[in-house]
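The values are calculated or read from the model by the stated rules, or taken from the named source; none is laboratory data. Just so we're clear, the structure is a prediction, and the values are computed from it rather than from any experiment. All Cβ positions, even for glycine, are placed from backbone atoms using ideal geometry, and neighbour counts span all protein chains on display. Calculation scope for accessible area: heavy atoms of the full protein, side chains included, ligands and nucleic acids excluded. Shrake-Rupley method; radii C 1.70, N 1.55, O 1.52, S 1.80 Å.
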Amino acid sequence: MKLLNLHLHPFAGTIDKQYNFEDGLNVVYGHNEAGKSTIVNAFLAVLLESTDLTKTVFKNTLAKYMPIGGDTINIDLTFEVAGIKYQLKKSWGANNFSSLNKVGEAPINNADTVQKELFKLLNLNKSTVREMIFTTQAKISNTIDAIKKDPEINNSLDQILRGAILNTGGIIPEKLKVQLEKEFNELSLNWNLENDAPSISSNNKGSYENRWEKGLGEILKLAYEINDKQKAKLYREQYDEKLSNLANEINILRGHVNLDQNYIDSNKALMESLSNRITIQSELKSIESNKEIIVGAQSEWYKINAMLPVLSGQIIADKEQLNQLNTELENARKSGDITIKIAQFDKVSALKIKYDTTKELLTNTKVVTNVDVENVKKLEDELIKAQNELNALASAQNFIVEIQPKKNLTIELQHGTALASQINLVQGEPYAIEVNKSFVYSSDEVTIQVKSLTQEISILNDKITLLKKQFEDAVAIFGVINMEELKQNNLIYNQNNDQYKLAKTTFENSIAGTTFEKLKQDIEELKNIPKTREKEVLEKLYQNLIGKMATDDNSYKLYEKKLKEFENLYTSLENLVELIIGIRQNEKITQDKLNLLPAIDPSNDMETFQIEFKAANERFNKNKSLLQEKELERAKHEGQEQFDLAMEIQDQIELLDRKKNQKVQEAKAIQLVLNKLNDILNRATINPYQAYETNLSNYLSVLSGGKYQSLSNSEVSPNAIKNTTNNLELPIEMLSQGTSGILGLSLRLAMADYFLGENNGFIAFDDPMVDFDENRQLFAATCLQNYSQNKQVIIFTCHQSHAAHLGGYLINLN
Amino acid sequence: MSIKIIHTADNHIGISYNSVSQAKTELVLERLTSLKRIVDEGNKEGANYLVIAGDLFDVTKVVKTRIMEVIKVLKTFNEKVIIIPGNHDFFVDEFDSLWNYFKTNIDTEKIIVLDKYEVFIDHLGEQEVRFYPAACRTLHSEQNMIGWVNLEKKPIHSINIGIAHGNVEGLGRDDDGKYFNMTHSELTNSGLDLWLLGHIHVAYPTQNEVNENPGYFMSGTHMPDSWKSTNAGNAWIIEIHEDKKVKAKKFQPSAFKYKVIESDIRSLSDIDNFKNQILNCDKKNTAVRLNLTGTLVQNDLSYLEETINEIRNEFIHFEENKYIKRRIDIDAINSEFVEGSLPHILLSELLLEDPDGMSTQKAFEAIKKNN
């Protein structure tokens, strides 16, 4: 397509303007805001946008070009394809309108048809025109990114390139592959075709138990649905099975219940009869027992009434007899030992004599008790002690006293503390006394007292004298003069006293508890007791009588007690008789009741029957309760919400399965197609990109003044370029802004060669040299000039120098 | 004298017909109407008994209005109706909601539910007729319920008829032994003159008329009830003479049928073939399921579509499970694509490698979308 004339009337800020374009290089020069962008946007609108737009699309695309205060956009374009001129008119706004016609021919006015026809004439798709044919400054340096991001451009070029070596038949292989892969995915996403099962991740994700929520291909969806149906079917089968099982359990229980019910019903009468019989028999037993007690009481009462007076008389008689027996027994006892008692009495009499004798002897004996002797002895001991002391003193002044009797005489000489002794002195014969102590010489005529010279002797002598006096007085009391006599008397006294005491004790013991006189009287009485039966006989009789009396007394008391009990229980004997009559009547009635009960076959084991009946009853109740539970469970189960029958679900499963299998076949078929397509594409021996890559490398070399060449990678855009001066490869990412710009321009020119093909198409650039240094600007100008030899090239620039470098047909907007 | 029995079973009243969604309501009604036709036919034939050998109802839980409708229909039979519960409407006990309700509302002595294993004795004039029922009490049972019959007296002067519900070995489709399985010898050696059976939805014997006692009759369902029931509904009219000779003929209570067509369509004639198959059907009484696979050339595809559209609305229910693709043969490839072009190469190679598969069709569709 070659652009000839563009008429804007109006469009954006342009009210009405026409622009003519020539073959070859056209340079649209103008300052900023002069209208360069308006021309570009007008081209894009008239070539690419249909006039049949929805309000929303219009608002988002073209509404911004509506002139202020206007209601219509009008663009007319005159262009030429294969030597034929075409007139294109488009209006948006108040009246949407499209018109395309060969000059001189009738126009097409259908918007869609016009648009389709336009793309045919362009021989390019919308994206390619927008992105590759009209190139802004920014696009040039970003060309590689834009190509990579736009699959349409890639695919278009790929188609073109492949078409050069392979007739693609109007299809884009890459696009076909993408489409097939999309279809394949839609069918088999997360489905393992080989295993015919869901794709399962490591954590079992995707399985029927842990399903994928997203990414469900049609097959997987169907598989899940089938699985759900299978579960529903199983659930229904389990529901049916449970219902059946419950019915079966109910049947069995009902059978048991009915069996037991029949058994209970048919044996109930017998069981009741048996039960009544037992009750009545028990009642009879009780009556019998009561009767026995009362009749016994009656009999006993009679007996007591009879026995009490008899016993009473008997007891009185026995008491009398006992008294008599007692007397006789006493006499018998007394008579039984009279000889002994006399002998004993004789002994007692002898003892009495002895007692009397000793008593008399004692009475005639001077009383000198041991105490007496001791008391006197104390005095004597004290006296002796004093004398001894005196003697000791006197010996210290020992001398001899010589008494010269002048006559015979008897003297009493008190020597020291010793007793005075009578000494017969013979006249003329001196009587010498060794004196070492005081002494007293006493005679009828005189008493000579020799006293110690010393005070002590004197005191002692006084004391001795006193003691001697006391001693003498003491012994004198007992009629003796000295101690020996006293002792003698004491001995006699003690002997007599002892004898007396012995006799007294013996005697008193022999009459213990009584007196001799009494004994004597008793003996006398004994001698007068009348004759009795033998004591042993009497004792036996006595004991027997005592026993009998005790028994009788006991019996009597028991009778009395019993009588009291009877009176308490039955009030009176008459009343008791009435009671007995009542019991007998009751007994008869009860017996009659028993006789009325059905007879029981004695051959039946009633005990076993009762056990069985009880067991049947218990079993019946238990099963009945269980049955009710099961009935309830069944009602609940049956009451659940109704769902499809298993058979119906199976039908649904089969249909789904059929569908799923079909989808699997489809997926496998697509897989096969993809494999085959890849196979065919890979079979081509010539690299379809070879010519394109050479072309690209040439442009790059021209634009870089021979410094760079591009590297082949069988893709639309290269991954790296080569610096020919040092043979270093430069990755695209490392290129400078300027180098990126010349590579972008190279790519666009190389691609345009293919997009525009043999047709004399057009290509438009907005300030393509803005990032280039002076040299590169010259290289680029030369390159574009050369390019415009075969294609219409439209350059928009605001740089006068660029316009000057480029030359060509100038459209000055200033 | 002879006696006449109209024998049916597997009526499955209450079935929902969910899988025949387009005709659901009509078919539910038709099921009851067909039962009424049996009653009418019995009356017309002067049958002494209408015997229903199990599964009068589809489930044990049936809506009361439906039970009442059945009672109303059965009451129109002039003579006695003898019913045994089958495995679908099994009898549980006197508290059974289905049969209790049914029996409570019969309001006639003519309809007798034989749910116990005891002989039911009836007299037609001087002729004694004994029925030996073998009702089902569960859905499944590995044992049949006819054992007790062997112990019973079978007076020679009496016509002794067994009624049971279950599979007969070798006849039924339930071959896993769960459905009260009875053997041929069990039935024929039971000492009874005849057995009237239910459960297998297909009639036995297969002939339309029987002039010799086969030992047992299977009535089949009176009206098909699933896509697997491709036979027509049936009931037997059986005449038993006092000398025990038996004559029987079939009666078709309902014209309704399922028609499942499984066809691999490859040509116009295949289309015409299935078309003829279904066009011969009683359209207003036929539910059709088309399970079609195969490939057709473009024109034939259109013809198929036209054919289906043409017949679709003529049937009481019509559903299609159609997996038919445009057949891409070498002519189609040549006519659409330039020889040597990528589409041509791709399609012709796929056709060669996978002539019966779907790959050529899928590739063709994709190319057409892409073109």
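A few notes on this one:
- Subset of the range A:191-200 [open to solvent by less than 40 Å² (accessible area, probe 1.4 Å) and assigned to a loop (DSSP other than H, G, I, E, B)]: A:Leu193, A:Ser199
- Flag for B:Ser302 being at the interface with chain A (Cβ under 9 Å from one of its Cβ atoms) and at negative phi: no
- Exactly one residue among B:Glu109, B:Glu30, B:Glu94, B:Glu79 is more than 19 Å from B:Ser141 (Cβ to Cβ) and within 14 Å of chain A (Cβ to nearest Cβ), and that residue is B:Glu94.
- Count of the range B:122-152 residues which are in contact (Cβ under 8 Å) with a residue 12 or more places away in the chain, surrounded by fewer than 21 Cβ atoms within 10 Å (Cβ to Cβ) and farther than 30 Å from A:Met647 by Cβ: 10
- B:Val70 outside any helix (DSSP H, G or I) and either open to solvent by less than 10 Å² (accessible area, probe 1.4 Å) or free of Cβ contacts under 8 Å to residues at least 60 places away in the same chain (or both): no
- Tabulated pairs, the range A:180-206, first over 23 Å from B:Thr360 (Cβ atoms), second of a type in the set (Asp, Glu) and open to solvent by 30 Å² or more (accessible area, probe 1.4 Å), C-beta under 9 angstrom, 6+ apart or interchain: A:Leu189/A:Glu218
- You will find that of A:Lys175, A:Lys229, the residue that is within 14 Å of chain B (Cβ to nearest Cβ), open to solvent by 50 Å² or more (accessible area, probe 1.4 Å) and modelled with pLDDT of 90 or more is A:Lys229 and no other.
- If you go through the range A:39-70 and keep only what is in a helix (DSSP H, G or I) and open to solvent by less than 10 Å² (accessible area, probe 1.4 Å), you end up with A:Ile39, A:Ala42, A:Phe43, A:Ala45, A:Val46, A:Leu47, A:Leu48.
- The sole residue among B:Ser190, B:Ser219 that is among the hydroxyl-bearing types (Ser, Thr, Tyr), open to solvent by less than 10 Å² (accessible area, probe 1.4 Å) and either in contact with a His (Cβ under 9 Å, 6 or more places away or on another chain) or touching a residue at least 60 places away in the same chain (Cβ under 8 Å) (or both) is B:Ser219.
- Whether a residue is open to solvent by 50 Å² or more (accessible area, probe 1.4 Å) and within 22 Å of A:Lys660 (Cα to Cα) was assessed, and B:Lys322 passes this test.
- Scanning the range A:596-635 for residues that are open to solvent by 40 Å² or more (accessible area, probe 1.4 Å), within 14 Å of another protein chain (Cβ to nearest Cβ) and acidic (Asp, Glu) yields A:Glu629, A:Glu633.
- Options A:Gln488, A:Gln495, A:Gln521; residue that is exposed (fewer than 13 other Cβ atoms within 10 Å of the Cβ) and free of Cβ contacts under 8 Å to residues at least 40 places away in the same chain: A:Gln521
- Any hit, the range A:526-540, residues being over 30 Å from A:Ala343 (Cα atoms), in a helix (DSSP H, G or I) and either open to solvent by less than 80 Å² (accessible area, probe 1.4 Å) or of a type in the set (Val, Ile, Thr) (or both): no
- The range B:128-173: number of residues that are charged (D, E, K, R) and either farther than 29 Å from B:Asp243 by Cα or not in a loop (DSSP other than H, G, I, E, B) (or both): 5
- The listed residue being at pLDDT below 90, farther than 27 Å from B:Ser348 by Cα, out of contact with any Cys (no Cβ under 7 Å at 6 or more places or on another chain) and more than 10 Å from chain B (Cβ to nearest Cβ), out of A:Ser156, A:Ser207, A:Ser202: A:Ser202
- Test for A:Leu161: is it modelled with pLDDT under 90, within 14 Å of chain B (Cβ to nearest Cβ) and in contact with a Phe, Trp or Tyr (Cβ under 7 Å, 6 or more places away or on another chain): yes
- Condition met for A:Glu648 (open to solvent by 50 Å² or more (accessible area, probe 1.4 Å) and either more than 19 Å from A:Lys231 (Cβ to Cβ) or out of contact with any Gly (no Cβ under 8 Å at 6 or more places or on another chain) (or both)): no
- Selection within the range A:636-658: residues that are within 7 Å of another protein chain (Cβ to nearest Cβ) and part of a helix (DSSP H, G or I). The member of this set that is farthest from B:Val20 (Cα to Cα) is A:Glu638.
- Candidates A:Thr515, A:Thr551, A:Thr590 - the one that is more than 30 Å from A:Glu374 (Cβ to Cβ), open to solvent by less than 60 Å² (accessible area, probe 1.4 Å) and of a type in the set (S, T, N, Q): A:Thr590
- Only one of B:Glu310, B:Glu314 that is part of a loop (DSSP other than H, G, I, E, B) and either more than 14 Å from chain A (Cβ to nearest Cβ) or touching a residue at least 40 places away in the same chain (Cβ under 8 Å) (or both): B:Glu314
- Taking the range B:340-371 as the range and being part of a loop (DSSP other than H, G, I, E, B) and either within 30 Å of B:Asp282 (Cα to Cα) or more than 9 Å from every other protein chain (Cβ to nearest Cβ) (or both) as the test, the residues that pass are B:Pro355, B:Asp356.
- Scanning the range A:785-814 for residues that are of a type in the set (A, V, I, L, M, F, W, C) and out of contact with any His (no Cβ under 9 Å at 6 or more places or on another chain) gives A:Val793, A:Ile794, A:Phe796, A:Ala803, A:Ala804, A:Leu806, A:Leu810, A:Ile811.
- There is at least one residue in the range B:273-295 that is on the phi < 0 side of the Ramachandran plot, open to solvent by 20 Å² or more (accessible area, probe 1.4 Å) and assigned to a strand (DSSP E or B).
- Some residue of the range A:9-16 being among the β-branched types (Val, Ile, Thr) and without any contact (Cβ under 8 Å) to a residue 60 or more places away in the chain: yes
- Within the range B:222-266, tally of residues that are at pLDDT 95 or above and assigned to a strand (DSSP E or B): 12
- Residue within the range A:641-655 that is over 30 Å from A:Ala223 (Cα atoms) and either among the acidic types (Asp, Glu) or in contact with an Asp or Glu (Cβ under 7 Å, 6 or more places away or on another chain) (or both) present: no
- Of the candidates B:Asn105, B:Asn150, B:Asn181, the single residue that is assigned by TED's automatic domain parsing to the domain that holds B:Asp89 and either under 17 Å from B:Met218 (Cα atoms) or within 23 Å of the chain's Cα centre (by Cα) (or both) is B:Asn181.
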